[in-house]
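The block underneath contains the structure these notes are about, expressed in structure tokens.
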Amino acid sequence: AIPLIALCALASAGWAAGATITVGRPLVSRPWRGVGYNVLNFDFAQAEQPLVWGSFAKRWTEANASWARMVQPTNFWDFNSSRFLKYEALFRDTTQTTLYWTQFHASLPDVSNASAVAQWAGAEASFLGTLVNSGGGGMPNLQYYCFSNEEEGIVPRGNVTEWLTLNRALRRAMDDAGGATARVVLVGTDFYDCSTAFDGLTGEGSVGAYSCHHYGAEGYDGMASVLAPALNVSFANNHDFFLAEFGGPSCHAPTCRPPHDPAGCNDACAWWDTPAEVDSGLVLAEKVLSTINLGGQSTGYWTFEDPLGGCPYWGLCRWNVSTNPGAPPATVEQLSCRPAHYSHGLLSKFLRGPAQVFQLHIAPEASAGRSDPSPRLIATFVVGPDGEQTLVVLNTASQPVPSLDVSLPPPSTLGRVQHGPEPSNGNVGTPVLNDGVKDSTRGNAQRQDTGSSAELRFYRYTVAMGAPPLNPAGDLPAPSASLMTTANQTRFVDPTNLPAASVTVYTSVPAPTQTADGATGFDTPPSPPSCTHGRDHGVLEWNPVSSAVYYRVTTDGGVHMWSTVDTTFNLNYLSSLSPHRGRTVRFAVQSVDRYSVASTATLCA
């Protein structure tokens with residue numbers, strides 16, 4: 001059965017008194033693994049401009065997604081190249097992202113030729129072995145694999161007999177290879193639509209997780225209907241479920257024309273560059289929360305960035321630049337982010353996995369006899385891998401909520417989500433949940449106390465659809481409020497409006513601690529960087545700050561120019577900066593910590 005979902009229709013009469021949210025028991029489901037993205041990683045094998053890589057590295061580091069789906073043709077990379085090692089380290093070390101890898105435009109053998117199938121399976125297993133063991137430490141975070149994106153190469157698509165023949169052969173070859181290769185989980189079927197994608201896979205031993213794709217304008221309730229058949233199969237088999245590709249409605253030829261599809265590639269989000277783009281972040285958030293509350297394990301928005309050249313045209317951030325030799329340098333406008341990036345980035349940043357999802361009750365309830373369930377609040381609450389508590393609240397109404405009163409479970413019922421031993425047979429490890437209940441389908445649960453009676457601090461972040469915090473580098477918003485719990489960590493009250501059509505995130509932050517650079521936790525901003533060079537030859541340079549996630553470059557007048565994870569900034573990368581290169585303008589740098597809190601600015605030159 002599908003678990004209890006967390007939503008509440010709000011009667012208009014209930015707005016004046018604000019709303020209350022009560023967090024209940026953990027949902028009986030596998031751990032949540034993260035709000036993620038699809039990354040078209042073959043672009044990085046081609047990208048030459050430092051700014052192109054730099055824009056991605058900064059945005060990915062800040063979004064800090066704990067799950068991602070990688071899409072690329074087989075053997076596209078040189079796995080020992082310096083470029084791949086840098087890319088590998090970003091996902092493995094910086095964000096510790098669990099990776100689901102799938103092949104784009106797969107070339108598949110004739111399934112009637114057993115020798116050809118065995119040869120293909122061996123080559124696929126060898127490719128995976130190279131990938132997980134490659135270069136500077138390999139990619140042990142690559143835990144899931146599917147040999148064909150959307151059953152490309154299967155004739156016809158949806159031919160489950162042909163798909164299973166190949167998947168079983170690949171599973172045997174991976175098990176024969178042993179080691180890290182054998183630990184990779186095979187995903188089925190990475191297809192659409194979600195109502196039929198898993199037909200014929202119930203009880204299939206070669207499949208260790210399920211994945212389907214869906215695009216459309218549905219919000220929370222519509223996605224619940226879309227996902228129900230797929231989730232029931234995953235529950236019955238006790239496997240992870242990934243909504244591995246999702247997005248808004250698509251437009252295709254012959255109707256896909258500008259402004260939806262300026263690149264003319266006939267594969268674009270129908271919301272982009274239209275009035276519907278304004279509210280897209282809220283609808284995407286509804287899709288994510290529906291997946292979480294129904295018991296799914298991850299979502300993968302298609303795509304994190306537009307591919308180089310801009311086709312397909314779906315990215316939350318633009319990458320419409322040329323990599324041809326002699327092409328002009330990229331501009332801020334070519335690398336900007338769309339409004340939905342700012343709300344979706346908050347979800348990926350703070351809904352990291354593995355996390356335990358909890359039941360919620362939201363009041364006031366709908367008035368009796370109300371036929372239209374809107375307006376309403378939609379919410380989800382999770383306890384993350386380090387014991388952090390995160391509450392996401394969507395106000396889908398056309399009016400603000402005056403205040404929010406949140407009741408939390410006692411600290412003794414909360415704790416980290418842990419896992420059993422690493423799997424050795426291609427199946428994911430048994431989750432260890434934190435509610436003290438032992439269940440044969442859930443492994444041995446273990447309760448962990450927080451170990452502290454001190455009150456908790458929650459940071460609040462809000463993105464209103466009508467006023468997204470657009471900026472040249474796509475920096476996510478800073479916290480707008482700091483709220484303390486009362487009653488031994490079991491309650492906090494936010495007296496400030498939740499704006500109409502908005503996404504709000506509350507996340508607990510650690511108590512202030514002394515860091516190596518002298519910063520004292522989260523009551524004060526991080527230390528500012530100290531500049532070592534001005535703009536000699538158009539380059540700024542500064543010393544690193546240990547608590548900084550990235551650095552923000554501004555003019556002395558406070559105009560935001562760019563942000564970077566590096567400790568240098570080449571003004572010549574951006575042609576749009578040319579008006580600011582005169583000696584009458586000075587540049588400043590700020591360090592920004594993992595909670596998007598910025599330091600004071602240091603003038604460099």
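The values are calculated or read from the model by the stated rules, or taken from the named source; none is laboratory data. Bear in mind that the values here come from a model prediction, so they are computed numbers and not experimental data. No Cβ is skipped: glycine too gets one built from the backbone with ideal geometry, and neighbour counts run over all protein chains shown. These area figures cover heavy atoms from the full protein model, side chains too; ligands, DNA and RNA do not enter into them. Shrake-Rupley method; radii C 1.70, N 1.55, O 1.52, S 1.80 Å.
Kindly indicate whether any position in the range 528-548 is outside any strand (DSSP E or B), closer than 14 Å to Arg457 by Cβ, at pLDDT below 95 and open to solvent by 60 Å² or more (accessible area, probe 1.4 Å).
no
For the structure I just gave you, tell me whether Thr97 is at pLDDT 65 or above, buried (at least 16 other Cβ atoms within 10 Å of the Cβ) and under 30 Å from Gly138 (Cα atoms).
yes
If we scan the range 269-277, do we find a residue that is touching a Pro at 6+ places or on another chain (Cβ under 8 Å), aliphatic (A, V, I, L, M) and either farther than 16 Å from Cys146 by Cβ or assigned to a helix (DSSP H, G or I) (or both)?
yes
Failed condition for Val505, given (1) at pLDDT 95 or above; (2) open to solvent by 40 Å² or more (accessible area, probe 1.4 Å); (3) not in a loop (DSSP other than H, G, I, E, B), with all others met?
Of the numbered conditions (1) at pLDDT 95 or above; (2) open to solvent by 40 Å² or more (accessible area, probe 1.4 Å); (3) not in a loop (DSSP other than H, G, I, E, B), the odd one out for Val505 is (2).
Taking interchain pairs and intrachain pairs at least six residues apart, which have beta carbon atoms under 9 angstrom, with the first residue in the range 376-396 and over 19 Å from Leu27 (Cα atoms) and the second part of a strand (DSSP E or B) and among the basic types (Lys, Arg)?
Leu394/Arg376; Asn395/Arg376; Thr396/Arg376
Could you tell me whether any residue of the range 351-373 is in a helix (DSSP H, G or I) and modelled with pLDDT of 95 or more?
No, because not a single residue in the range 351-373 is in a helix (DSSP H, G or I) and modelled with pLDDT of 95 or more.
Within the range 554-577, identify whether any single residue is touching an Asp or Glu at 6+ places or on another chain (Cβ under 6 Å), surrounded by fewer than 15 Cβ atoms within 10 Å (Cβ to Cβ), at pLDDT below 80 and not acidic (Asp, Glu), and answer yes or no.
no
Filter the range 199-212 down to residues that are open to solvent by less than 10 Å² (accessible area, probe 1.4 Å) and at pLDDT below 95, then give me how many there are.
Residues that pass the stated criteria total 1.
Would you point out the residue of the range 384-423, among those that are among the β-branched types (Val, Ile, Thr) and more than 13 Å from Phe458 (Cα to Cα), that is modelled with the highest pLDDT?
Val393
Looking at the range 75-83, is at least one residue open to solvent by 10 Å² or more (accessible area, probe 1.4 Å), modelled with pLDDT under 90 and among the basic types (Lys, Arg)?
yes
If I ask for residues that are closer than 15 Å to Val207 by Cβ, open to solvent by 20 Å² or more (accessible area, probe 1.4 Å) and not small (Gly, Ala, Ser), which ones from the range 220-250 would you list?
Listed by number, the residues that qualify are Val233, Phe235, Asn237, Asn238, His239.
Contact list please: Cβ distance under 7 Å, first residue in the range 226-243 and aromatic (Phe, Trp, Tyr), second residue not in a strand (DSSP E or B), pairs at least six apart or on different chains.
Here the result reads Phe235/Gly295; Phe241/Ala230; Phe241/Leu231; Phe241/Ser234; Phe241/Gly296; Phe241/Gln297; Phe242/Gln297, each pair linking the range 226-243 to a residue that is not in a strand (DSSP E or B).
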